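Chemist: Below you will find the structure I want to go over with you.
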Amino acid sequence: MNLMTTRDIDALVLKNEEYREKDAIVTVLTSQEILRIRARGVQSLQSKNRVICQPYSWVHITIDEKANRFPLLLYGTTKRFYFHILEDLEIQTTCQVLNDLVHLGPIHTSFMNLVNTCWQAFNTHTNGYTYACLCLKEIIHYQGIDPCVDHCVKCERTDHIEALSIKQGGFLCSYCNPSHVGKKSKADLIQIHSLFHVQPTAYASFCELYTLTLSDFIQWASWIGYHLNLKLPSLRFLTSISDEIGIYY
Ligand SMILES: [Zn+2]
C-alpha cells in the first residue's frame, strides 16, 4: 500500500537540475535536512511551479512523500528571490561554492538562517563575503577541522605570529616560517582569530566590525577542500576568475 504524506516546509533552493523531458530535481536546504525534490513540468514556461524552483529563492512549499522515490513538489510560494546574486559572476560563483559545501555543515535552523542571511547580504551588496565566511567557519567547526589560531601550530608560542598555513593547520610564528611566505597583516590575523572565536549570537556584531573579502572566502573554502580532500570545480573556477589572489598552503 502506498501511503502518501504531504508536508509543508520552509526551504532555500540550492540547485535545479533538469530531469527527464519536462521535470527538474530541485535540491533544497531546510532546517532539518537537504532534500532532493522532483518538480513536475517545471521546464515548461507555463508551469506555475517554475518560479519556486529558482536557485537562491527562499520558499515555502508543500511536498508529497512516498517511500522509494523522490518527494514530489505540489505547490508553494516564494518568500524571497535573491536574484541580484545571479547578476555578478564572482558573487554567483561564490554562492555556488557555498551551495556545494552546505551539506557538510550542521543542518539546523540557525545554519539555514545564516545561509539565508548570507544570500540576502549578497543580494543587497552588504557584507556578503563576511556572512559567507561565517557559513564556512560553521562547516569547518562542524567537520572538526578548525585552524589553530591561539598560538603557533608548530611551536605553540603566542608571540611573533605572522602567517596562516593551510597545510600546517593554523598560525605560524616567524621562527617556524623562515621563508616568511603567506605573511599577513596584524589586522588580518586578529580578524581570523575573531572569526573562529565569535559565538553565533554575536554574528551580526561581527559583521558590523569586520568586512571579509572574496580572498578570505577562497582561503576558507580552500581550507575545507584541503583538509577534507575534496575536489571542488566551482572553487577552481572561482579562483580562476579572481586570479590576483594567491592562496598560501
Ligand atoms: Zn612557531
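The values are calculated or read from the model by the stated rules, or taken from the named source; none is laboratory data. Just so you know, these numbers come straight off a predicted model, no measurement behind them. Every residue, glycine as well, gets a Cβ built from its backbone with ideal geometry; the counts of neighbours run over all protein chains shown. Please note that ligands, DNA and RNA were not included when accessible areas were found on the heavy atoms of the full protein model with its side chains. Shrake-Rupley method; radii C 1.70, N 1.55, O 1.52, S 1.80 Å.
Chemist: Using unit Cβ charges (K, R positive; D, E negative) and no other charged atoms, how large, in debye to the nearest 20, is the dipole of segment 173-249 about its Cα centre?
Modeler: The calculated dipole for segment 173-249 is roughly 220 debye.
Chemist: I'd like the distance separating the alpha-carbon centroids of segment 117-158 and segment 87-104, in whole Å.
Modeler: If we compute the Cα centre of each part, the gap is 15 Å.
Chemist: Put one equal scatterer on each alpha carbon of segment 5-81, apply the Debye formula with no solvent term, and list log10 I(q)/I(0) at q = 0.11 1/Å to two decimals.
Modeler: Listed by q, the Debye log ratios stand at -0.22.
Chemist: Now, a different point. Please name whichever of Ser194, Thr77, Gln219 sits farthest to the positive end of the charge dipole of the chain, dipole taken about the Cα centre and charges placed at Cβ: Lys and Arg +1, Asp and Glu -1.
Modeler: About the Cα centre, the residue reaching furthest to the positive side is Thr77.
Chemist: For segment 85-176, what does the alpha-carbon gyration tensor say about shape, rounded, prolate or oblate, given a ≥ b ≥ c as the root eigenvalues, a/c under 1.5 as rounded, and a/b over b/c as prolate?
Modeler: It is prolate, given that a/c is not under 1.5 and a/b is the larger ratio.
Chemist: In whole Å, largest first, what are the principal axis extents of the Cα atoms in the chain?
Modeler: The principal-axis extents, from largest down, are 67, 37, 33 Å.
Chemist: A follow-up question, please. Over segment 176-227, what portion of Cα pair distances is larger than 15 Å, expressed as a whole percent?
Modeler: Of the Cα pairs, 58 percent sit more than 15 Å apart.
Chemist: Which length gain, in nm to one decimal place, applies between Leu209 and Lys231 when the Cα-Cα distance is subtracted from 0.36 nm times their residue separation?
Modeler: Going from the current span to full extension adds 4.6 nm.
Chemist: Using the Cα centre as the reference, give the magnitude of the dipole from point charges on the C-beta atoms of segment 1-94 (Lys, Arg: +1; Asp, Glu: -1; all else neutral), rounded to the nearest 20 debye.
Modeler: The dipole magnitude comes to about 400 debye.
Chemist: Keeping all protein chains in the complex and leaving out DNA, RNA and ligands, what accessible area do you get for Asp10 with a 1.4 Å probe, in Å² to the nearest 10?
Modeler: Per-residue accessible area (Asp10): approximately 50 Å².
Chemist: Something else now. Straight-line reach from Lys137: which aspartates and glutamates have Cα under 12 Å away, leaving out those fewer than 8 places along the same chain?
Modeler: In chain and number order, the partners are Asp146, Asp216.
Chemist: What is the magnitude of the charge dipole of segment 74-209 about its Cα centre, with +1 placed on the Cβ of each Lys and Arg, -1 on the Cβ of each Asp and Glu, and no other charges, expressed in debye to the nearest 20?
Modeler: I would put it at about 100 debye.
Chemist: Still on this model: Would you please give the FRET efficiency between Phe83 and His151, computed as 1/(1 + (r/R0)^6) with r the Cβ-Cβ distance and R0 = 51 Å, to the nearest 0.05?
Modeler: The formula returns an efficiency of 0.70 here.
Chemist: With every protein chain kept in place and ligands, DNA and RNA left out, what is the accessible area per residue of the chain? Probe 1.4 Å, answer in Å².
Modeler: It amounts to 51 Å² per residue over the chain.
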